[in-house]
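Beneath this line is the structure, given in structure tokens, with notes to follow.
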Amino acid sequence: MNLTTSLERIKGVGPRTAEQFAKAGLFTVGDLLTFFPRGYEDFSHVTKITDLKPGKVTLQARCEKVEMRSVRRGMRVVTATLADDSGKVQAVWFNQPYRVTQLKEGGEFLFSGEFEFRYNRYQITNPSAEKVSDIDASEGHDAIMPIYRAIAGLKTSLVRKVLQELQPLITMLPETLPQKVLEKEKLVSYSEAVQNIHFPATVDAMEQAKARLSFEELFQLLLASQLNKQEHGKLSGIAMPFAQEIIKSFVENLPFGLTGAQRRAVWDIFQDFESATPMNRLLQGDVGAGKTVVAGMAARQAAHAGYQTAFMAPTEILARQHAQTLDALLSPFGLKVGLLTGGVKGAARKALYAAIAEGEVDVVVGTHALIQSKVVFHTLGFVVIDEQHRFGVAQRQALLDKSPVMPHLLSMTATPIPRSLALTVYGELDISILDEKPANRLPIITKIGSPNSRSEVYKKIDEEIEKGRQAYVICNLIDNNPDNDLASVEVEYKRLRNSVFKHRTIGLLHGRLSNTEKDEVMEKFAKGELDILVSTTVVEVGVDVPNATIMLIEDGDRFGLAQLHQLRGRVGRSAHQSYCFIIPSGSQKPSQRLREIEKSNDGFYLAEVDLELRGPGEIYGRSQHGALNLQIASLADAKMITRAQKAAKAFVASGENLLHYKQLAKQVEAYQRLTTLN
Ligand code: ADP
Ligand code: MG
């Protein structure tokens, strides 16, 4: 028996069981050994119901009465009476309707949750519930019981039984980390960790096992990005000498002075340009920090060196806006800026293709239309990707491939992420951060309103318009869906136009408009021809209309924290005081999310809070890095990430050959393929 032995050959695993394992992606002994528990139940502290005290409690009980009811706005509440031989207690679950099915099956459960005084009585709120017969192996249970992710038809008890068969193998598992790393980090051996993750004798043993396995996973991931970075460094690129006069005249022509952070970022970029190693840099800047002008300055430099710039943005609205901004920045120096989107058709498109191929256009701004095979550059030397997380690795790569030599790459993002997380998600990139807003900016005043305060907000909007400013009203949905009462953008638009804001000009923007229609509305708003823009979240990223100073977000509780921050970033882009009013859909108390956004304008702070509130899986799980699929490590564990990063750096610096560690090398290579840009 070894790690590649198929599970079917293990005692107690018949063909049907093997099939169920296979459905969960578990085929071999090795797969099962790394099928780590999703949590643990601590049987060592089971309390009798009569002895319950407020705080976290674990109890073993039967369910007597299970009921579900709907309370306000679709929220579903499940209640159950739990009983053991000492007494009864009420348990309540919010928005976990599946509990009804689970609990109605009957039997003994192990509950673990918060025992508290709420709604005038003692109850257990949102406890976990594990069926005792599912987890309890026949010989009785250990004090600390691992709970495995449910596999259809397979119970934790069976998983444990099969793992028990593997115990002899577990004790013989070879070490997978370099011995030096193990000693330096004072970690338990691989064999011990696998043993204690599945069969912990104490909480301490379980925690040590978890730490060792988490460290290992992060170490592999961070080693992969270190190696990717090293490999990128070996590529040959285009050296573009710094032209001081050119940059000086560019800066003198700006209507504003650069912030210190902008100057530092540009400096980083010019240093990268000068080297023959292609740049691979991420420009992270909170909304409104002024990323576009940084990219524009770099494009100016690239053009002077004789190279074209490709500037890719995720939406047509943004591409058009960037083209205008860059044209204003660059045409005074005789540079030509072209715009390529799906909306450019026929002869105009052909002419643009030709101009790009001839090198007549210096900067080509566009959507993903830029990566089509018909687009051939004359001499592409610099690639900018705005809101880079909106593009997949393949799309970014396709644009880089438009040059025979690896061009310099500047990725930009307005989604600030905590530094420790940046190490794992952007480990192979160099990072410049715009952590300073232009000096003339006042912090946006944010207020959470109630539905009753709407008329006051309208009054405030009207006052701003009277002063010459403009406003956004953000709604959630396009159709007036009778199933919910979210403000629908079309209905809201008509309502505002025919009542409160009869005397103002109002525009409507949403994703179902054609591109031309969208452009027209945006153009009008940018030119100040519209006082109010009623919009869905299509304005979420990047839109820059500095004269807009007030925003009302309807149904604010339906948006995520990061999204609210991005939306709010559409105002506060000039020297005028800006305001953001958020009205939740219900009359319930504002959520913590809303209270945080009311309190802070700092994207980095809010990102930390978001990470804490939702966890990294929710935030980054669906993004390009979802594929990382970490088994045990948490991307929220800043300490462990920093520790693993240090160790990975030291390993690379030591010059040791990774191939001496077969298992490690295999994992690292897999991560390298997942994360690399090259
Ligand atoms: P973001 O970082 O969100 O992409 P933009 O590049 O759209 O920000 O810039 C936001 C606004 O700030 C634009 O109107 C831009 O002209 C302006 N801006 C950029 N840099 C400065 C500066 N140093 N001083 C004043 N305004 C600036
Ligand atoms: Mg931007």
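Results, tabulated for the structure shown:
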quantity	calculated
In the range 166-197, residue farthest from Ile147 (Cα to Cα) [restricted to those that are surrounded by 19 or more Cβ atoms within 10 Å (Cβ to Cβ) and touching a Lys or Arg at 6+ places or on another chain (Cβ under 8 Å)]	Leu187
Considering residues of the range 390-431 that are over 16 Å from the mean Cα position of the chain (by Cα), in a loop (DSSP other than H, G, I, E, B) and hydrophobic (A, V, I, L, M, F, W, C) only, the residue modelled with the lowest pLDDT	Leu429
Residue that is of a type in the set (A, V, I, L, M), within 16 Å of ligand 2 (Cβ to nearest atom), outside any loop (DSSP other than H, G, I, E, B) and without any contact (Cβ under 8 Å) to a residue 12 or more places away in the chain, where the choices are Ala328, Ala351	Ala328
Lone unmet requirement of (1) crowded, with 19+ Cβ neighbours inside 10 Å; (2) more than 15 Å from ligand 1 (Cβ to nearest atom); (3) not in a strand (DSSP E or B) for Thr309	(3)
Tally of residues being outside any loop (DSSP other than H, G, I, E, B) and within 27 Å of the chain's Cα centre (by Cα) across the range 38-51	1
Filtered residue count, the range 288-306, keeping only those that are of a type in the set (A, V, I, L, M, F, W, C), more than 10 Å from ligand 1 (Cβ to nearest atom) and over 12 Å from Leu410 (Cβ atoms)	2
Filtered residues of the range 264-283 (kept if more than 28 Å from the chain's Cα centre (by Cα) and either at pLDDT 95 or above or within 16 Å of ligand 1 (Cβ to nearest atom) (or both))	Trp267, Phe270, Gln271, Phe273, Glu274
All positions within the range 3-37 that are part of a loop (DSSP other than H, G, I, E, B), over 20 Å from Phe199 (Cβ atoms) and in contact (Cβ under 8 Å) with a residue 40 or more places away in the chain	Ala24
Subset tally (residues that are away from ligand 1 (no atom under 16 Å from the Cβ) and touching a helix residue (DSSP H, G or I) at 6+ places or on another chain (Cβ under 7 Å)) for the range 231-248	6
Residue match in the range 110-130 (condition: at pLDDT below 80 and over 26 Å from Val92 (Cβ atoms))	no
Test result for Leu326, within 16 Å of ligand 1 (Cβ to nearest atom) and modelled with pLDDT of 95 or more	yes
Selection status of Pro407, within 16 Å of ligand 2 (Cβ to nearest atom) and in contact (Cβ under 8 Å) with a residue 12 or more places away in the chain	no
Residues being over 30 Å from Ala302 (Cβ atoms) and in a helix (DSSP H, G or I) - total across the range 191-239	30
Complete set of residues in the range 416-436 that are within 16 Å of ligand 2 (Cβ to nearest atom) and buried (at least 23 other Cβ atoms within 10 Å of the Cβ)	Pro416, Ser432, Leu434
Matching option when the condition is modelled with pLDDT of 85 or more, among the basic types (Lys, Arg) and touching a strand residue (DSSP E or B) at 6+ places or on another chain (Cβ under 7 Å), among Arg643, Arg570	Arg570
Filter result for Gly449 (touching a Phe, Trp or Tyr at 6+ places or on another chain (Cβ under 9 Å), at pLDDT 95 or above and more than 15 Å from ligand 1 (Cβ to nearest atom))	no
For Ile317: the one exception among (1) without any contact (Cβ under 8 Å) to a residue 24 or more places away in the chain; (2) within 13 Å of ligand 2 (Cβ to nearest atom); (3) hydrophobic (A, V, I, L, M, F, W, C)	(1)
Residues of the range 371-397 satisfying the condition of being out of contact with any Leu (no Cβ under 9 Å at 6 or more places or on another chain), more than 16 Å from ligand 2 (Cβ to nearest atom) and within 22 Å of Tyr426 (Cβ to Cβ)	Gly392, Ala394, Gln395
First in the range 269-295 and closer than 17 Å to Arg570 by Cα and outside any helix (DSSP H, G or I), second anywhere and more than 10 Å from ligand 2 (Cβ to nearest atom) and of a type in the set (Ser, Thr, Tyr), Cβ under 7 Å, 6 or more apart	Gly290/Thr259
Lone unmet requirement of (1) within 15 Å of ligand 2 (Cβ to nearest atom); (2) of a type outside the set (Val, Ile, Thr); (3) out of contact with any strand residue (DSSP E or B) (no Cβ under 8 Å at 6 or more places or on another chain) for Leu283	(3)
Residues being out of contact with any Gly (no Cβ under 8 Å at 6 or more places or on another chain) and either in a strand (DSSP E or B) or at pLDDT 90 or above (or both) - total across the range 432-444	1
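Yes or no, residue by residue, for (1) in a strand (DSSP E or B); (2) under 30 Å from Leu158 (Cβ atoms):
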residue	(1), (2)
Lys53	no, no
Gln60	yes, yes
Thr81	yes, no
Val100	no, yes
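Condition check ((1) of a type in the set (Phe, Trp, Tyr); (2) crowded, with 16+ Cβ neighbours inside 10 Å; (3) within 16 Å of Thr309 (Cα to Cα)) across all residues:
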{"position": "His322", "(1), (2), (3)": "no, yes, yes"}
{"position": "Leu339", "(1), (2), (3)": "no, yes, yes"}
{"position": "Lys345", "(1), (2), (3)": "no, no, no"}
{"position": "Gly359", "(1), (2), (3)": "no, no, yes"}
{"position": "Ala369", "(1), (2), (3)": "no, yes, yes"}
{"position": "Val384", "(1), (2), (3)": "no, yes, yes"}
{"position": "Glu387", "(1), (2), (3)": "no, yes, no"}
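Yes/no per residue for (1) more than 19 Å from the chain's Cα centre (by Cα); (2) more than 16 Å from ligand 2 (Cβ to nearest atom):
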{"residue": "Leu508", "(1), (2)": "yes, yes"}
{"residue": "Gly560", "(1), (2)": "no, yes"}
{"residue": "Arg570", "(1), (2)": "yes, no"}
{"residue": "Pro590", "(1), (2)": "yes, yes"}
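The values are calculated or read from the model by the stated rules, or taken from the named source; none is laboratory data. Keep in mind it's a predicted model, so treat the numbers as computed, not measured. Glycine gets a Cβ as well: all are built from the backbone with ideal geometry, and neighbour counts include every protein chain shown.
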